Amino acid sequence: MTNLRFGLLGLALIVALWLAGRLVTNEYVFFAGYAVAQYILLATAWNLLGGYAGYVNFGTAAFFALGAYVSVAVNKLFEPPLIVLILVGALASGAVGLAMGYLTLKLRGVFFSIATLALAIVAQAVVTNWEFVGGSSGAYLLRPTAGPWGGSYVEYLFYVMLVMAVGAVVLARCIERSKIGFGLAAIRDDELVGEAYGVPTLRLKLLVTVLSGALMGMAGAPLPFYVAYLDPPSAFNLAYAVNTIAMPLIGGASTWVGPVIGAVLLTAVQETAMVTISSAANLMIVGLLMVLFISLAPNGIMGLLRGVRSRA
Amino acid sequence: MTAPLLTVDQLTKRFGGFVALDQVSLQVAQGERLGLIGPNGSGKSTLVNCISGTVPISSGRVLLDRERIDRLPPHRRAQLGLVRSFQLPRPFGSLTIADNLKVAMLYAGKPSSDSIHDLLALLGLEDKAGRLPRELTQIEMRKLELARAMAANPRLLIVDEVMAGLSHAEVDEIVELLLRLNEAGVTIVMIEHIMRAVMAFSQRLVCIVAGRKVADGDPREVTGDAHVLKAYLGE
Ligand SMILES: Nc1ncnc2c1ncn2[C@@H]1O[C@H](COP(=O)(O)OP(=O)(O)OP(=O)(O)O)[C@@H](O)[C@H]1O
Ligand SMILES: [Mg+2]
């Protein structure tokens with residue numbers, strides 16, 4: 001399928017979901033839908049660097065929360081339309097991605113991951129002391145009652161997140177099959193050999209760090225309106241970092257489908273666990289699933305499917 | 001004589017206190033076929049790594065077409081047409097055989113008439129195009145190394161022991177292949193322990209012993225040289 005066709009398919013999906021949404025009266029559906037779309041976006045963003053290039057980022061929460069907090073700050077100053085907040089969030093987190101890439105991408109493997117974890121800790125400390133956005137006591141936001149085109153604001157937020165998630169998946173798929181995608185695969189497999197065959201490894205890594213960071217910032221920008229109350233412990237919650245790693249791992253990290261499958265599956269499992277067991281069980285379940293997959297199916301569900309198909 | 005394509009000038013490489021290459025100088029002319037020999041551990045692969053930029057040099061200069069390249073990152077050198085294979089095959093493990101070649105073609109090669117399939121066929125790997133490297137034998141892995149290097153459309157190709165382990169007939173085949181590549185205009189440096197191949201291929205021989213160049217010239221003279229004999233046969 002060409003990229004154009006795939007993009008049109010994405011567009012069709014958005015339209016279909018929008019039409020289906022006309023029939024929905026229960027607000028909870030949009031709340032849950034938002035969570036799924038947000039995780040598809042985050043997992044897809046993470047996978048650009050983690051799955052395609054093999055650089056494991058533990059700092060998702062930093063990029064995500066930065067998007068959310070920049071959004072709070074800018075909203076306090078101007079109250080611009082949501083799209084502006086999203087763009088500002090993308091810029092801010094993309095810039096942090098660039099800086100982080102510059103400082104850390106010469107580090108390989110586990111050292112890079114530790115550096116990203118450190119970034120998340122530093123970012124949380126900074127935001128906790130940033131009084132303008134509420135500091136440690138958090139920020140309240142008034143969520144508008146209605147979206148710009150009628151319907152509830154949560155419904156509107158869901159569609160915004162859906163468009164971003166679909167856009168990110170289409171982008172990831174384009175990258176995967178492009179020259180850049182092959183370069184990233186070379187980096188993941190053997191960086192030194194990639195260089196020897198002409199792959200500008202540093203430049204490509206910087207590019208995806210910026211892109212990945214920017215997408216995470218975009219995912220965070222609408223968060224203050226979704227939760228209506230934002231404080232550092234929830235914005236920088238460990239669950240964001242763990243989930244965005246677990247989702248591509250469970251789905252399969254080397255293709256665009258993996259993060260999508262993983263995000264849908266894990267969000268569903270977690271929502272169910274939250275209702276039926278307890279919210280504390282969430283991370284434990286994710287942890288267990290991760291251990292299971294890493295030891296039994298390191299290439300995720302997609303890897304299992306490929307295995308079945310090639311044996312058939 | 002035309003200007004040299006590659007010039008290595010007083011190149012020294014140290015690993016900590018160990019001197020792996022000691023003031024090595026050599027030139028390779030445009031279109032030449034050079035054989036590089038030397039006992040195990042004498043510094044041949046290290047020289048390749050220094051020329052291609054895989055390891056930084058300690059001192060000296062490397063020039064391609066009279067331009068200094070020793071401070072360029074490896075990918076720039078590859079894009080300038082300086083391509084090397086790896087002695088221990090290092091394929092991209094998650095990519096198919098065809099995609100291994102595709103990376104080299106996309107980033108270092110120019111759109112050439114040799115398609116990926118033709119290159120694979122040339123090395124008898126056409127049936128493996130969709131396979132993963134781990135499904136290949138060691139010998140096929142070496143052929144993949146060579147195929148990938150060729151996919152990068154080199155002006156100067158350095159092959160580091162691509163024939164180790166190959167059968168008599170296969171060695172002849174690869175030598176034949178490299179001779180044809182050279183006829184098509186590619187300058188080639190061959191590192192090899194199989195003397196039959198080196199002698200059949202090389203117009204000139206350079207011998208390195210313990211990080212120093214001890215001989216450089218006509219293959220017959222070099223193999224008869226006292227230093228070379230001593231290094232290979234002992235005192
Ligand atoms: N990265 C490194 N760090 C430390 N020492 C090294 C490194 N690479 C090579 N050496 C040392 O440099 C010397 C030359 O090694 P090199 O691999 O260049 O030899 P070679 O001539 O290619 O040998 P062979 O014919 O066995 O391939 C050896 O003593 C080796 O141990
Ligand atoms: Mg060697």
Could you run through the stretch A:171-205 and say how many residues are of a type in the set (A, V, I, L, M, F, W, C), open to solvent by 30 Å² or more (accessible area, probe 1.4 Å) and under 19 Å from the mean Cα position of the chain (by Cα)?
2
Candidates B:Arg33, B:Arg71, B:Arg66, filtered to the one that is open to solvent by 40 Å² or more (accessible area, probe 1.4 Å), more than 10 Å from chain A (Cβ to nearest Cβ), touching a residue at least 24 places away in the same chain (Cβ under 8 Å) and over 19 Å from the mean Cα position of the chain (by Cα):
B:Arg66
If B:Ala78 passes every condition in (1) in contact with a Ser or Thr (Cβ under 8 Å, 6 or more places away or on another chain); (2) at pLDDT 95 or above; (3) within 16 Å of ligand 2 (Cβ to nearest atom) but one, which one does it miss?
(3)
Just checking, does the stretch A:260-270 include any residue being in a loop (DSSP other than H, G, I, E, B) and open to solvent by less than 40 Å² (accessible area, probe 1.4 Å)?
no
With criteria (1) in contact with an Asp or Glu (Cβ under 8 Å, 6 or more places away or on another chain); (2) away from ligand 1 (no atom under 16 Å from the Cβ); (3) open to solvent by 20 Å² or more (accessible area, probe 1.4 Å), B:Leu120 comes up short on (3)
Tell me yes or no: at least one residue of the stretch B:89-107 is more than 16 Å from ligand 2 (Cβ to nearest atom) and more than 25 Å from B:Thr137 (Cβ to Cβ).
yes
On the basis of being crowded, with 18+ Cβ neighbours inside 10 Å and among the acidic types (Asp, Glu), does B:Glu192 make the cut?
yes
Looking at the structure I just gave you, is B:Leu21 over 15 Å from B:Val186 (Cα atoms), within 16 Å of ligand 1 (Cβ to nearest atom) and open to solvent by less than 10 Å² (accessible area, probe 1.4 Å)?
yes
As an exercise: evaluate A:Thr104 against (1) more than 18 Å from the chain's Cα centre (by Cα); (2) open to solvent by 50 Å² or more (accessible area, probe 1.4 Å); (3) closer than 28 Å to A:Ile180 by Cβ and give the number of the one condition it does not meet.
(2)
I'd like the residue in the stretch B:90-113 that is more than 7 Å from every other protein chain (Cβ to nearest Cβ) and surrounded by fewer than 18 Cβ atoms within 10 Å (Cβ to Cβ) and, out of all such residues, is nearest to B:Asp9 (Cα to Cα).
B:Lys110
Selection from the stretch B:77-89 of residues touching a residue at least 12 places away in the same chain (Cβ under 8 Å) and either within 16 Å of ligand 1 (Cβ to nearest atom) or surrounded by fewer than 16 Cβ atoms within 10 Å (Cβ to Cβ) (or both) yields B:Arg84, B:Ser85, B:Phe86, B:Gln87, B:Pro89
Of residues in the stretch B:124-163 being of a type in the set (Gly, Ala, Ser) and in contact (Cβ under 8 Å) with a residue 60 or more places away in the chain, the one surrounded by the fewest Cβ atoms within 10 Å (Cβ to Cβ)
B:Ala149
Against the conditions (1) crowded, with 16+ Cβ neighbours inside 10 Å; (2) touching a residue at least 60 places away in the same chain (Cβ under 8 Å); (3) farther than 19 Å from A:Leu13 by Cβ, where does A:Gly147 fall short? Just the number, please.
(2)
Would you mind stating whether A:Tyr156 is within 17 Å of A:Tyr34 (Cα to Cα), more than 14 Å from chain B (Cβ to nearest Cβ) and open to solvent by 50 Å² or more (accessible area, probe 1.4 Å)?
no
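Is it fair to say B:Pro56 is buried (at least 19 other Cβ atoms within 10 Å of the Cβ) and within 16 Å of ligand 1 (Cβ to nearest atom)?
Details: buried (at least 19 other Cβ atoms within 10 Å of the Cβ): no; within 16 Å of ligand 1 (Cβ to nearest atom): yes.
Taking the combined requirement at face value, the residue does not satisfy it.
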Among the numbered conditions (1) within 13 Å of ligand 2 (Cβ to nearest atom); (2) more than 14 Å from chain A (Cβ to nearest Cβ); (3) surrounded by 22 or more Cβ atoms within 10 Å (Cβ to Cβ), tell me where B:Leu11 comes up short.
(1)
Among residues belonging to the stretch B:142-176 that are within 16 Å of ligand 1 (Cβ to nearest atom) and assigned to a helix (DSSP H, G or I), point out the one that is farthest from the other protein chains (Cβ to nearest Cβ).
B:Arg142
Here are B:Arg14, B:Arg61: which of them is out of contact with any Pro (no Cβ under 7 Å at 6 or more places or on another chain) and either away from ligand 1 (no atom under 16 Å from the Cβ) or among the acidic types (Asp, Glu) (or both)?
B:Arg61
From B:Leu36, B:Leu64, residue being within 16 Å of ligand 2 (Cβ to nearest atom) and either outside the structural domain of B:Arg212 (by TED's automatic domain parsing) or of a type in the set (A, V, I, L, M) (or both)
B:Leu36
Residue within the stretch B:190-201 that is assigned to a loop (DSSP other than H, G, I, E, B) and more than 16 Å from ligand 1 (Cβ to nearest atom) present:
no
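The values are calculated or read from the model by the stated rules, or taken from the named source; none is laboratory data. On a predicted model such as this, the values are computed, not experimentally measured, just so you know. Glycine also receives a Cβ, built like all others from the backbone with ideal geometry; neighbour counts cover every protein chain displayed. Heads up: the accessible areas ignore ligands, DNA and RNA and are worked out on the full protein's heavy atoms, side chains in. Shrake-Rupley method; radii C 1.70, N 1.55, O 1.52, S 1.80 Å.
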